[in-house]
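To start, the structure under review is shown below, and the notes come after it.
The values are calculated or read from the model by the stated rules, or taken from the named source; none is laboratory data. Because the structure is a prediction, the values reported are computed rather than measured. We place every Cβ from the backbone using ideal geometry, glycine too, and count neighbours over all the protein chains shown. The protein model used for the area step is the full one, side chains on, heavy atoms only, and it has no ligands, DNA or RNA in it. Shrake-Rupley method; radii C 1.70, N 1.55, O 1.52, S 1.80 Å.
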Amino acid sequence: MKKIALLILAIAMLPLASASPIHEWERNVTYRNITLHAPAVAEGSNGYVGVVMDINVTMMNGSGNVFVVTSPLTQLDMQGSARLAVDVAGMVTGRDVGEYDFLFQVESDAPVVGGPSAGGIMTMGAICLLMNLEPRDDMIMTGMINPDGSIGPVGGILPKGEAAAEAGMHYFLIPKGQSIEYQTVAERNGPFVFYHKVPVNVTQELYDNYGLIVKEVEDINEALAYFTNYSFKEETSTMPVITADYYQDIMKPLAEHVVQEANESYERAHFSFEHTYIPTGYPWNNPRGRVSNSLSTAKDALDDAELALDNAFYYYSISKAFQSKINSLFVIHACQYYNGTDIETIYHNVSAAVSDAMQAAAETPINGLVSLQCVGAAQQRACDAERHLNTSSRDPLDRLYDLSYVMERSGTVYWWLNLSTHFNESYEINETGISGLAEKYYDYAQSIVSYADILSEETGYSRQFVTNAYESLNDAQSNKETLSAASLFDSLEAIANANLAIEMIGASGDMLQDKMNRSDQMASYAIQRARNTSIEPILAVSYYEFGKSFELQDVVSTLTYYKYAYMIANMLYLSRGYQPKELQKTEAVLSEGDGNAHAFSYVPLLCAGGIGFVAGSVFIAAVGGGRRKSGEEKEERADENIFKE
């Protein structure tokens, strides 16, 4: 008992953790509220059945928070869908959603199966609130929302449509290409039962049995036209991206210089190889054959660089020239090694070059948005060289190749630092501003990468994009304190890969070509907008050109670089503030019996708002019961434009 008393006394004497005091304040809050309906799938006693959820969305002046209340509980992807829905709504409308808070209250009579299929209708609700639009109440929609505004594929179209019809809906919007659904049918043959899939025309089935008119929609702007008879004007680029005269005047001589360096490096490598004895070894380990192959690779890359130069693909030419230089330097290092030079001596020289490059990248001042891009790119390459410097390999040729890569990678640091001197600087930015941008985009990158990871785990798609996103996110975190420019562009690459991970779910065949065309337009228009504000998006143009060079051979690489280009150009444009977009009246046709026909045919480009560019955005999800506002309370919503339009 005495020991217990002493223990209590000792605990009582410990300093108490300081609790945050209660704060109370008053502020004027203006609300807008809307309730839409979304079909979902619930697990019933005889399998999956369709249900209709009520999604009540409230917008109020705030600071970019997104709250989710669900009843019954739903899986985590509902929370991610809400966050993404708000970001896409901001992108589509050109409104800064960081000025508002959004509350999504999701109610269903049965626990729904997890999935992001309510993302499209959540986005519709957010857009209607931002623009003060009244949607029709006899229409329902299913489809996940992609970061580029397109509507992604979902499952359970038929049971969702049946539930929508039973709830009194007249129109059902579904993702493009999903009018045909496959159902498993059992067929008995004697003692055996065989299962096979049969196609079901969802459009015809729902119209014949329920009178429900089904429409496919490609993106949220097309859906908006059906719901409200308003849409946003299609935005396309009308100016050349990589053939602008001033861009060519600057990039052409730079590319010619690098290609000349690659030529000289190849000649030195070829001479060294011809005058060095390198053992043949064994069929499974042939040093001379390996070095010879690298010499051939250097020549092939050099030929590609010269061809790209002749066709005005200057950044691609420079990239191929650097690839040639890496292989040429490896041949030179290998010859030095077999002529008696110790690998540690080569390592020491490369290490010194990396240190010098890192110092130059860290100390070069950033004066505006042009030097921000060039210094940021230089810092990223310096960090990449530093990471690869100490990769360990027992094979001496592997080690020498890594050192050759690191040496040439360090050389690209100076190329990027020099590049900014060839363009006119635009808009001043200081270290505080850069750090703020890096922090903002890093916060959003964490959110969107986590959501992409969840969807990828659920669907089995896009793991490589998610892996790439996490690698860039880790780099962004590592560089935040010391190299904020590098951290900013690392975060943008993480966001781009996460966006692609989401957008590529279920994509194949013609859909890939459609996505590539859409990404091309988004990137080129974002570049044009930046240029229209006197900002030269050098890094975005370089990535755009690099992506263009892959179009005929590698769709995934093309999409990746187009997405990088879009993210960078859009960030630069939005650094000058948001530009709200204007609605246009659209007469959407909803005639019976043409369920597969589109009311209008376009591929809108919705990039003015910028996905995830919300300063101070916080994602908070609350789970539990939520009370939907009554009709009387909903009438209290101000019809006049209290919010900034």
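Check off (1) open to solvent by less than 60 Å² (accessible area, probe 1.4 Å); (2) without any contact (Cβ under 8 Å) to a residue 24 or more places away in the chain; (3) under 25 Å from PRO116 (Cβ atoms) for LYS197 and give me the number that stays unchecked. Evaluating LYS197 over (1) open to solvent by less than 60 Å² (accessible area, probe 1.4 Å); (2) without any contact (Cβ under 8 Å) to a residue 24 or more places away in the chain; (3) under 25 Å from PRO116 (Cβ atoms) leaves (1) as the failure. Looking across segment 384-400, just one residue is more than 15 Å from SER351 (Cβ to Cβ) and either in contact with a Pro (Cβ under 7 Å, 6 or more places away or on another chain) or crowded, with 23+ Cβ neighbours inside 10 Å (or both), and that is LEU397.
Checking each residue in segment 230-243 for being buried (at least 17 other Cβ atoms within 10 Å of the Cβ) and either aliphatic (A, V, I, L, M) or not in a strand (DSSP E or B) (or both) picks out GLU235, SER237, VAL241, ILE242.
Any residue at all in segment 98-108 that is in a loop (DSSP other than H, G, I, E, B) and either out of contact with any Leu (no Cβ under 9 Å at 6 or more places or on another chain) or of a type in the set (A, V, I, L, M, F, W, C) (or both)? Before you say what the answer is, go through the steps one by one.
The first filter runs over segment 98-108 and keeps only residues in a loop (DSSP other than H, G, I, E, B), leaving 108.
Then keep just the ones that are either out of contact with any Leu (no Cβ under 9 Å at 6 or more places or on another chain) or of a type in the set (A, V, I, L, M, F, W, C) (or both); that gives 108.
There is at least one residue in segment 98-108 that is in a loop (DSSP other than H, G, I, E, B) and either out of contact with any Leu (no Cβ under 9 Å at 6 or more places or on another chain) or of a type in the set (A, V, I, L, M, F, W, C) (or both).
Let's see how each residue does on (1) within 30 Å of TYR578 (Cβ to Cβ); (2) part of a loop (DSSP other than H, G, I, E, B); (3) modelled with pLDDT under 90; (4) small (Gly, Ala, Ser):
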{"residue": "ILE127", "(1), (2), (3), (4)": "yes, no, no, no"}
{"residue": "ARG136", "(1), (2), (3), (4)": "yes, yes, no, no"}
{"residue": "GLU162", "(1), (2), (3), (4)": "no, no, no, no"}
{"residue": "TYR182", "(1), (2), (3), (4)": "no, no, yes, no"}
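The sole residue among ALA262, ALA308, ALA321, ALA312 that is outside any helix (DSSP H, G or I), in contact (Cβ under 8 Å) with a residue 40 or more places away in the chain and within 23 Å of SER542 (Cα to Cα) is ALA312. Pairs are defined by a Cβ separation below 8 Å, a sequence spacing of at least 6 or placement on different chains, a first member in segment 481-492 that is at negative phi, and a second member that is open to solvent by less than 10 Å² (accessible area, probe 1.4 Å) and outside any helix (DSSP H, G or I); no pair meets this definition. Filtering segment 44-96 to residues that are of a type in the set (A, V, I, L, M), in contact with a helix residue (DSSP H, G or I) (Cβ under 8 Å, 6 or more places away or on another chain) and open to solvent by 10 Å² or more (accessible area, probe 1.4 Å) leaves VAL49, VAL51, VAL52, LEU76. Test VAL331 against the stated conditions and say whether it is within 29 Å of the chain's Cα centre (by Cα) and not charged (D, E, K, R). Here the answer is no, as VAL331 does not meet what is asked. Quick check on ALA298: is it part of a helix (DSSP H, G or I) and either farther than 22 Å from TYR561 by Cα or without any contact (Cβ under 8 Å) to a residue 12 or more places away in the chain (or both)? When the stated conditions are applied, ALA298 passes them.
Take the residues in segment 198-228 that are part of a strand (DSSP E or B) and among the β-branched types (Val, Ile, Thr), then tell me which one is farthest from LYS176 (Cα to Cα). Reasoning before the result, please.
First, the residues of segment 198-228 that are part of a strand (DSSP E or B): 198-201, 213-217, 219.
Restricting the remaining residues to those that are among the β-branched types (Val, Ile, Thr) gives 198, 200, 213-214, 217.
Working: VAL198: 20, VAL200: 16, ILE213: 15, VAL214: 11, VAL217: 5 Å.
Across segment 198-228, the extreme among qualifying residues is VAL198.
Just the residues that are surrounded by fewer than 19 Cβ atoms within 10 Å (Cβ to Cβ) and assigned to a loop (DSSP other than H, G, I, E, B), please, taken from segment 567-585. Passing the criteria: SER575, ARG576, GLY577, GLN579, PRO580, LYS581, GLU582.
For segment 450-462, indicate whether the set of residues that are closer than 30 Å to MET251 by Cβ, of a type outside the set (Val, Ile, Thr) and either in contact (Cβ under 8 Å) with a residue 24 or more places away in the chain or open to solvent by 50 Å² or more (accessible area, probe 1.4 Å) (or both) is non-empty. Taking every residue of segment 450-462 in turn, none turns out to be closer than 30 Å to MET251 by Cβ, of a type outside the set (Val, Ile, Thr) and either in contact (Cβ under 8 Å) with a residue 24 or more places away in the chain or open to solvent by 50 Å² or more (accessible area, probe 1.4 Å) (or both). Among the residues of segment 15-53, just one is modelled with pLDDT of 90 or more and charged (D, E, K, R), namely ARG32. Residues of segment 320-354 that are surrounded by fewer than 15 Cβ atoms within 10 Å (Cβ to Cβ) and under 15 Å from VAL413 (Cα atoms): ALA352 alone.
Table: residues versus (1) closer than 21 Å to PHE550 by Cβ; (2) of a type in the set (Phe, Trp, Tyr).
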| site | (1), (2) |
| --- | --- |
| HIS270 | no, no |
| SER292 | no, no |
| SER319 | yes, no |
| PHE322 | yes, yes |
| PHE330 | no, yes |
| HIS333 | no, no |
| VAL350 | no, no |
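Whenever a residue of segment 68-81 is closer than 17 Å to GLN446 by Cα, its partners that are aromatic (Phe, Trp, Tyr) and modelled with pLDDT of 80 or more, lying with C-beta atoms within less than 7 angstrom and at least six residues away or across chains, give the pairs GLY80/TYR451. Considering the conditions (1) open to solvent by less than 50 Å² (accessible area, probe 1.4 Å); (2) in contact (Cβ under 8 Å) with a residue 24 or more places away in the chain; (3) on the phi < 0 side of the Ramachandran plot, GLU431 is excluded by exactly one of them, (1). Put simply, of ASN479, ASN499, ASN517 the only residue that is out of contact with any Cys (no Cβ under 6 Å at 6 or more places or on another chain) and modelled with pLDDT of 95 or more is ASN479.
Just one of GLY161, GLY119, GLY143, GLY149 is in contact (Cβ under 8 Å) with a residue 12 or more places away in the chain, in contact with an Asp or Glu (Cβ under 7 Å, 6 or more places away or on another chain) and either among the charged types (D, E, K, R) or surrounded by 24 or more Cβ atoms within 10 Å (Cβ to Cβ) (or both); which is it? Within the list GLY161, GLY119, GLY143, GLY149, the selection yields GLY149. Residues being within 23 Å of ILE502 (Cβ to Cβ) and aromatic (Phe, Trp, Tyr): count how many of those fall in segment 417-452. Of the residues in that region, 4 qualify.
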